[in-house]
Number of protein chains: 2
Amino acid sequence: MTTTESPARNGVDVATLFATLDAVKASPQIAQFQFRARNDWISGTHSRSVIQGFYGAGQEDASRPEPFWYDADHPAVLVGSNQGPTPVEFLLHAIAACLTAGLANIAAARGITLRRVSSTVEGDIDLLGILGLSEQVRNGYRQIRVRFEVDGDASHEELVALVERSRSRSAVYDVLVNGTDVQIDVAAPDAPGGEPGDRR
Amino acid sequence: MTTTESPARNGVDVATLFATLDAVKASPQIAQFQFRARNDWISGTHSRSVIQGFYGAGQEDASRPEPFWYDADHPAVLVGSNQGPTPVEFLLHAIAACLTAGLANIAAARGITLRRVSSTVEGDIDLLGILGLSEQVRNGYRQIRVRFEVDGDASHEELVALVERSRSRSAVYDVLVNGTDVQIDVAAPDAPGGEPGDRR
């Protein structure tokens, strides 16, 4: 984690970024990651997740000194108590943050200094689906729109190309657009699941 | 928001829940919601989202007294600074919280009292995709697994049926499994986007 000659353009340690890419090229198996969360129901639609450990680069990560805690809830109009955003709003945070992180990395690799990156995200959803009032309406978002404002020392076309490149390498974009396999099960009453860290 | 005869089983105001369903049946257009987030880049892979207002039930919501703020970042091993979880970890929080909120509502509607609901979520991802080192590897999660532990005054089969019913009505599950339309654009430099609250 030492910077030799590259300055930390955009706050990105470019030398370490390229060294990391070289390390993964040499040992592709270290690219296997497993992220985790644990959630506990509190009351009504209010629950809380804790996120801390993950597996990656061939080992359990121990770099996060404290766990991150997040509440989720429904708003009053949906019979919740406003103790946190709705779960679907966290999807909007995730897509904006993923595209923005990639954008800063790509800009640094291309030698573009960013001055400001902001984005607004909107998601349209018809609750007739989740309320069980229409079989024709899907449960999830009909559409999500992300609008970026990017300011940096490059042409508008180059800045737009950063966003496009980030999109093409975004993990969250891929999952939200293409979907993924989600398996759900319930622990048997006499076999109360595993610890959060269990690997399968 | 008054409870007449139903107690707040599981912290769910069942009378209001059913009244809300009746109101939507009578005026299906109030089921159109738009959720929003705004994200600002801070440095490197670190960004911060703010979530507060949304449109729903025919009006702008004003029930949240304070905005919710969430940081996201990459961990040190991915050349970040650990100022928050990775964006993909927020997807794990979202699916757990969505399934859990639904479960509590459905249990209350079915007259089942819950004592405890916990879940652990794991997501497997091969970073060769997002690092641009393999065209055969997708960017996003290969699989997400959710394991529930549910304790309540019903048989194991009835508790499992709650989870299954929640899955079938989950907005986050639908998006993560089936994907959705995501549109991304960049504001022209002389037209700096709109305010977060703009409708289209």
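The values are calculated or read from the model by the stated rules, or taken from the named source; none is laboratory data. This one's a predicted model, so the numbers in the text were calculated from it and none came from an experiment. Neighbour counts run over all protein chains shown; Cβ positions are idealised from the backbone, glycine included. We work out accessible area using only protein heavy atoms, side chains counted, and drop any ligands, DNA or RNA first. Shrake-Rupley method; radii C 1.70, N 1.55, O 1.52, S 1.80 Å.
What is the set of long-range amide H partners of A:Arg142 at a cut-off below 5 Å, with H atoms built 1.01 Å from backbone N?
Close amide H contacts, sequence-distant or interchain: A:Asp124, A:Ile125, A:Asp126.
What do the square roots of 5 times the Cα gyration tensor eigenvalues come to for chain B, in whole Å, largest first, as semi-axes of the equivalent ellipsoid?
Over the Cα atoms of chain B, the semi-axes work out to 34, 25, 16 Å.
Take the alpha-carbon centre of the stretch B:82-123, take the same for the stretch A:17-59, and report the distance between them in whole Å.
First find each Cα centre; the distance between them is then 18 Å.
Of A:Val172, A:Val50, A:Val163, which has the largest mean-square fluctuation in a 10 Å C-alpha GNM of chain A?
So, out of A:Val172, A:Val50, A:Val163, the one fluctuating most is A:Val50.
In whole Hz, with x marking every Gly and Pro, tabulate ³J(HN,Hα) for the stretch A:120-127 from phi via Karplus 6.51 cos²θ - 1.76 cosθ + 1.60, θ = phi - 60°.
Taking θ as phi minus 60°, the curve returns 10, 10, 10, x, 9, 9, 9, 6 Hz for the stretch A:120-127.
Ignoring any ligand, DNA or RNA, what whole percent of the accessible area of the stretch B:35-124 comes from carbon and sulfur when the probe is 1.4 angstrom?
Exposed carbon and sulfur together represent 50 percent of the surface.
Quick one: P(r) of the stretch B:131-183 from all Cα-Cα pairs, 10 Å bins, percents rounded to integers, in order of increasing distance.
17, 35, 27, 14, 6, 0
Quick one: 3J(HN,Hα) in Hz for the stretch B:165-177, Karplus 6.51/-1.76/1.60 with θ = phi - 60°, rounded, Gly and Pro as x.
So the J values, rounded to whole Hz, are 5, 5, 4, 6, 10, 8, 5, 5, 4, 4, 5, 5, 8.
Can you work out which chain B residue has the shortest Cβ-to-axis distance for the rotation that carries B onto A, and give it in Å?
B:Gly179, 2
For the stretch A:62-121, what does the equivalent ellipsoid look like in terms of its semi-axes, each the square root of 5 times an eigenvalue of the Cα gyration tensor, given largest first in whole Å?
After diagonalising the Cα gyration tensor, the semi-axes are 31, 17, 8 Å.
Could you pull the Cα extents of the protein assembly as shown along its three principal axes, largest to smallest, in whole Å?
Projected onto its principal axes, the Cα set of the protein assembly as shown covers 70, 52, 34 Å.
Can you list, shortest first in nanometers, how far A:Asp181 lies from the same residue in the other copies, with each label 7 Å from Cα toward Cβ?
Relative to the other copies, A:Asp181 has label-point distances of 3.0 nm.
Comparing A:Gln52, A:Gln183, A:Gln83, which has the greatest mean-square fluctuation in the GNM of chain A with Cα pairs linked when under 10 Å apart?
Result: A:Gln183 has the largest fluctuation of those listed.
Could you report the buried accessible area between B and A, both sides summed, computed with a 1.4 Å probe and given in Å² to the nearest 100?
12000 Å²
Just from its helices, what would the mean residue ellipticity at 222 nm be for chain B, if runs of 4 or more DSSP H residues each count -39500 (n - 2.57) and the sum is divided by every residue, rounded to the nearest 500 deg cm²/dmol? Don't skip to the end; give the middle numbers.
Working: 4 runs with 57 residues, N = 200.
That comes out to -9000 deg cm²/dmol.
With a Förster radius of 35 Å, plug the Cβ-Cβ distance of A:Gln143 and A:Ala76 into 1/(1 + (r/R0)^6) and report the FRET value to the nearest 0.05.
0.85
Calculate the radius of gyration of the Cα atoms of the stretch B:44-86 to one decimal place, then report Dmax, the largest Cα-Cα distance, as a whole number, both in Å.
Both quantities, over Cα of the stretch B:44-86: 15.0, 46 Å.
Show me the GluC sites (Glu not before Pro) within the stretch A:109-174 that DSSP assigns to loop and that have at most 11 other Cβ atoms within 10 Å of their Cβ.
Counting only loop positions with at most 11 other Cβ atoms within 10 Å, the GluC sites (Glu not before Pro) in the stretch A:109-174 are A:Glu135.
For the stretch A:104-111, just list the computed ³J(HN,Hα) in residue order, Karplus coefficients 6.51, -1.76 and 1.60, θ = phi - 60°, integers in Hz, with x standing in for Gly and Pro.
5, 4, 5, 4, 4, 5, 8, x
Just in the stretch A:86-116: which trypsin sites (Lys or Arg not before Pro) are loop by DSSP and have at most 15 other Cβ atoms within 10 Å?
Filter output for the stretch A:86-116: A:Arg110.
Just to compare against my own numbers: the Cα pair-distance distribution for the stretch B:81-196, 10 Å bins, whole % per bin, please.
Reading the bins upward from 0: 11, 31, 27, 19, 9, 2, 0.
If you take the Cα atoms of the stretch A:15-92, find Rg, then find the Kirkwood Rh from the mean of 1/r over all pairs, what is Rg/Rh?
The Rg/Rh ratio comes out at 1.18.
Got the A:Glu66 label distances to the other copies yet, label 7 Å along Cα→Cβ, in nm, shortest first?
1.5
May I ask you to give the solvent-accessible area per residue for chain B, in square angstrom, as obtained with a 1.4 angstrom probe?
41 Å²
Quick one: label points 7 angstrom along Cα→Cβ at B:Ala161, distances to the other copies in nm, smallest first?
So the distances to the same position in the other copies read 6.0 nm.
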